[in-house]
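Chemist: My questions will all concern the structure given below.
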Amino acid sequence: MEVDTLKNEFDRVVKKQKLASSRTIDLINQIEKEIEQAIGAIQENGTDRDAASNLNHEILTNLKNTLKELVPVKQLESCQKEMNTALGKWVKTTEKFFINDISKAYKNVDMEPHVLNEIIANHLYQEALFDIGDNFLGEASCLASIKLKQLFQEMYEICGALRTEKFEPALSWAMKNHDALLQNDSCLELKLHQLQFVEILKQGKRDEALQYARAYLAPFATTHKDVIQKLIASILWAGRLDQSPYTEFLVPTNWEKLAEEFAQQFCDLKGQSSTGPMGMTVAAGAEVLPILLKLMTVLTAKREWQSMKEFPFPLDLRREFQFHSVFICPVLREQGSDDNPPMLLPCGHVLSKQSTAKLSKSSSRSFKCPYCPFEALASESFAISFPVNDATFFYHLPDNVKSSLTLAKILEKLLWKSWRLFR
């Protein structure tokens, strides 16, 4: 990959620079040592001027010969030459992969300017650049969602308070959204109550900590038993928690981690992405841009680029750019959709709805699975949708289902399918 090549060349330059610097420093230190030894020898000579003069001349002659043997100028020139060679290769490599015109690597897409301006403004607001976002909208003569700006302002105010070890705003927000956080299986509210509880213990207020635990920690006892047990046991160390076995509650990085978790939960509850859609889109585009540029050089001459509806090969993105599971029918080689969902056959293999329709030709006619000898009816297949990240399956029977499968067989095949997918 081009980025890896550039990085490797740059690492060579850095390595050569460090090596040249180390050699230069060693050479200078050696020269300095020889000169200091010569000065010390001259200072040790006696008061006899003639004898001292002869000895000094001999010392200086030896120093001159020693320095001549070291050839410092040539050594420095050699180090610099190696450095310049590595730097020259880096420049050539950069120029080789740097393409000034990337316009041919994308298609002309009709997009209204005000929509793009709103996307940019929303991105600036999500990055906490509120003043820049307002100025941008003013210059672009565009109106963005004021509610969205206020939303992120509230989030960053609470996150800023958490980073300064002020948990009250976050705790108030979490208690207002108690039910929604529980539906998301979030323990954010418990962690915020934990901070309040620990602050009380640090002040040595044992009775107040016990009352707080009964009021706010007890509701979480059934779902977070281990954490609650540690917190209750830490009451014995009130006022000296730093000497207790529970110093994990005092780690300073807990505040930063909690601020990040709060931002994540805040965005989830408000239906926003915590990663920034525009930044993620630009990063994903930069990931596949080198591949598109190579494709452009092949297809431009054939005039196929602008008319192409899909790529002739997959563009693989790293895990951080993948948010949804994708099903590609192994028969038709087409991506699944709401109109053409994946269908689970009784044998456990999965085809698209269009594939099963073409293979069966009618709902009452059996067809052979393309991957095993099993024969099935189209009415025996189940429409499935499985978001891989959640490891959750949703299976829906069609209205006119006439399946002869028993419940035990259905469960058996669902478990088998889940094991095959996640093993």
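Chemist: At 0.36 nm per residue, and after removing the present C-alpha to C-alpha distance, how many nm does the segment from Lys166 to Thr223 gain when stretched out fully?
Modeler: Length gained, Lys166 through Thr223: 17.9 nm.
Chemist: Something else: At a probe size of 1.4 Å, how large is the accessible area of Phe10, to the nearest 10 Å²?
Modeler: 100
Chemist: Could you calculate the contour length gain from Phe321 to Glu334, that is, 0.36 nm times the residue separation minus the distance between their Cα atoms, to one decimal place in nm?
Modeler: So the extension gain works out to 2.6 nm.
Chemist: Measure off, as a whole percent, the carbon and sulfur share of the 1.4 Å-probe accessible area of the range 151-306, all protein chains present.
Modeler: Within the range 151-306, the accessible surface is 53 percent carbon and sulfur.
Chemist: Could you tell me the distance between the Cα centroids of the range 126-161 and the range 262-281, to the nearest Å?
Modeler: Comparing the Cα centres of the range 126-161 and the range 262-281, I get a distance of 14 Å.
Chemist: Please compute the Kirkwood hydrodynamic radius of the range 158-270 from all pairs of different C-alpha atoms, in Å with one decimal.
Modeler: 14.4
Chemist: How many times 2.2 N^0.38 Å is the alpha carbon radius of gyration of the range 1-94?
Modeler: It is 1.72.
Chemist: Same structure, new question: Where does the range 162-211 land on Rg(C-alpha)/(2.2 N^0.38 Å)?
Modeler: Dividing the Cα Rg of the range 162-211 by 2.2 N^0.38 Å gives 1.24.
Chemist: Leaving out ligands and nucleic acids, and using a 1.4 Å probe, what accessible area per residue does the range 1-94 come to in Å²?
Modeler: That works out to 77 Å² per residue.
Chemist: Efficiency by 1/(1 + (r/R0)^6): what FRET value for Leu19 and Thr94, r their Cβ-Cβ distance, R0 = 25 Å, to the nearest 0.05?
Modeler: 0.70
Chemist: Ignoring ligands, DNA and RNA, what percent of the 1.4 Å accessible area of the range 1-94 is carbon and sulfur?
Modeler: On the range 1-94, the fraction of accessible area on carbon and sulfur atoms equals 55 percent.
Chemist: Between Thr85 and Val73, what length in nm is gained on full extension when 0.36 nm per residue of separation is reduced by their alpha carbon distance?
Modeler: Gain on stretching Thr85 to Val73: 2.5 nm.
Chemist: Which residues' amide hydrogens lie under 5 Å from the amide hydrogen of Gly204, considering only partners 5 or more residues apart or on another chain, with H built in the peptide plane?
Modeler: Answer set, sorted by chain and number: Gly239.
The values are calculated or read from the model by the stated rules, or taken from the named source; none is laboratory data. Owing to the predicted nature of the structure, the values given are computational and were not obtained by experimental measurement. Cβ coordinates were reconstructed from backbone atoms using ideal geometry, including for glycine residues, and neighbour counts include every protein chain displayed. Calculation scope for accessible area: heavy atoms of the full protein, side chains included, ligands and nucleic acids excluded. Shrake-Rupley method; radii C 1.70, N 1.55, O 1.52, S 1.80 Å.
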